[in-house]
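The values are calculated or read from the model by the stated rules, or taken from the named source; none is laboratory data. Because the structure is a prediction, the values reported are computed rather than measured. As a convention, Cβ positions derive from the backbone with ideal geometry for all residues, glycine included, and neighbour counts pool all protein chains shown. Please note that ligands, DNA and RNA were not included when accessible areas were found on the heavy atoms of the full protein model with its side chains. Shrake-Rupley method; radii C 1.70, N 1.55, O 1.52, S 1.80 Å.
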Amino acid sequence: MNIKPQRNLIFALAFLIGVPAFAVVPGTPAPDFKGTDSNGIQHTLSEYRGKFVVLEWANQGCPFDRKHYLSGSMESQQRDWTAKGVVWLSVISSAPGQQGYVTPAQENTYLKTMHAAPTAALLDPDGAIGRLYGAKTTPHIFVIDPTGKLIYQGAIDDKPTTDQEDLKGARNYLNETLTAAMSGKPLQIESTRPYGCSVKYAH
């Protein structure tokens, strides 16, 4: 059976970075997971049933991620949405020896320095949570509704650059998704192409 070269390339690239070719599909149940945060506390997705949950893949050294943190944009969104009852979990899947890997103490120092306000920062050095969701970039955003269904996956906004100035006037898919879903309105977009640095999984 002949397979198109483009399809071969997609699966080859997915193999090289060690994640599935496609992320979890919106409209389907979000996979449950267990992860330990930077304070040594365990979290599972199932314990947050009944709440909206944001999963944000992060990497302190990624210039795309830094755009959102150095501008204060990511921290502002974390504060705004957690104040409305949303559970926000930052996930760091960089493996030991890979760029972006941090110890619990290093992550806590970073969160304090940046005035970040996620519900928790999950350390995922073996990439188990990242691979489960097919997380590809930092940032890569997943939004889960109170029933446990994935309702959005992809980019945080429509400006795939490292320039903080581009945040002005950007279409923020994360804010758009939560605003509509929490108001009971239909979502305009459920999936976009994530942008940023590749998640630094163990090879």
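Give the residue that is farthest from residue 194 (Cα to Cα), with candidates limited to residues of region 31-64 that are β-branched (Val, Ile, Thr) and surrounded by fewer than 17 Cβ atoms within 10 Å (Cβ to Cβ). Steps first, please.
In the first step, residues of region 31-64 are kept if they are β-branched (Val, Ile, Thr); the result is 36, 41, 44, 53-54.
With the extra rule that they be surrounded by fewer than 17 Cβ atoms within 10 Å (Cβ to Cβ), the set shrinks to 36, 41, 44.
Details: 36: 25, 41: 29, 44: 24 Å.
Only one residue tops the list, namely 41.
Taking strands (runs of 3 or more DSSP E) that do not extend beyond region 28-74, which have at least 2 residues that are in contact (Cβ under 8 Å) with a residue 24 or more places away in the chain? Talk me through it step by step, then tell me what you get.
Values: elements: 34-37, 42-44, 53-57.
Ranges flagged: 34-37, 53-57.
Look through 136, 200 and report the one residue that is out of contact with any Pro (no Cβ under 9 Å at 6 or more places or on another chain) and touching a residue at least 60 places away in the same chain (Cβ under 8 Å). Please lay out each step first, then the result.
Numbers: 136 fails: out of contact with any Pro (no Cβ under 9 Å at 6 or more places or on another chain).
Result of the check over 136, 200: 200.
For residue 10, work out the one condition from (1) buried (at least 19 other Cβ atoms within 10 Å of the Cβ); (2) of a type outside the set (Lys, Arg); (3) modelled with pLDDT under 95 it doesn't fulfil.
Only one criterion is unmet by residue 10, namely (1).
Quick check on my filter: what residues within region 78-122 are among the β-branched types (Val, Ile, Thr) and in contact with a Lys or Arg (Cβ under 6 Å, 6 or more places away or on another chain)? Lay out the reasoning, then the answer.
Of region 78-122, the ones among the β-branched types (Val, Ile, Thr) are 82, 86-87, 91-92, 102-103, 109, 113, 119.
Residue satisfying the conditions is 87 alone.
For region 142-151, enumerate the residues that are in a strand (DSSP E or B), surrounded by fewer than 22 Cβ atoms within 10 Å (Cβ to Cβ) and either acidic (Asp, Glu) or in contact with a Phe, Trp or Tyr (Cβ under 9 Å, 6 or more places away or on another chain) (or both).
Within region 142-151, the first condition is being in a strand (DSSP E or B), and the residues that meet it are 142-144, 149-151.
Checking which are surrounded by fewer than 22 Cβ atoms within 10 Å (Cβ to Cβ) leaves us with 149, 151.
Selection gives 151 alone.
Of all residues being in contact (Cβ under 8 Å) with a residue 60 or more places away in the chain and out of contact with any helix residue (DSSP H, G or I) (no Cβ under 6 Å at 6 or more places or on another chain) in region 87-96, which is surrounded by the fewest Cβ atoms within 10 Å (Cβ to Cβ)? Just the residue, please.
At the first step, the residues of region 87-96 found to be in contact (Cβ under 8 Å) with a residue 60 or more places away in the chain are 93-96.
Narrowing the set further to residues that are out of contact with any helix residue (DSSP H, G or I) (no Cβ under 6 Å at 6 or more places or on another chain) leaves 94-96.
Values: 94: 27, 95: 19, 96: 9.
Among residues in region 87-96 that are in contact (Cβ under 8 Å) with a residue 60 or more places away in the chain and out of contact with any helix residue (DSSP H, G or I) (no Cβ under 6 Å at 6 or more places or on another chain), the one surrounded by the fewest Cβ atoms within 10 Å (Cβ to Cβ) is 96.
Tally up the residues in region 103-124 that are free of Cβ contacts under 8 Å to residues at least 60 places away in the same chain and not small (Gly, Ala, Ser), please.
The qualifying residues number 9.
Whether any residue in region 92-115 is within 11 Å of the chain's Cα centre (by Cα) and either in a helix (DSSP H, G or I) or closer than 20 Å to residue 174 by Cβ (or both) is what I want to check. Working first, answer last.
Going through region 92-115, the residues within 11 Å of the chain's Cα centre (by Cα) turn out to be 92-93.
Restricting the remaining residues to those that are either in a helix (DSSP H, G or I) or closer than 20 Å to residue 174 by Cβ (or both) gives 92-93.
Yes, region 92-115 has at least one match.
Could you grab me the full set of residues in region 152-175 that are open to solvent by less than 60 Å² (accessible area, probe 1.4 Å), in a helix (DSSP H, G or I) and either over 25 Å from residue 85 (Cα atoms) or not hydroxyl-bearing (Ser, Thr, Tyr) (or both)?
166, 167, 174, 175
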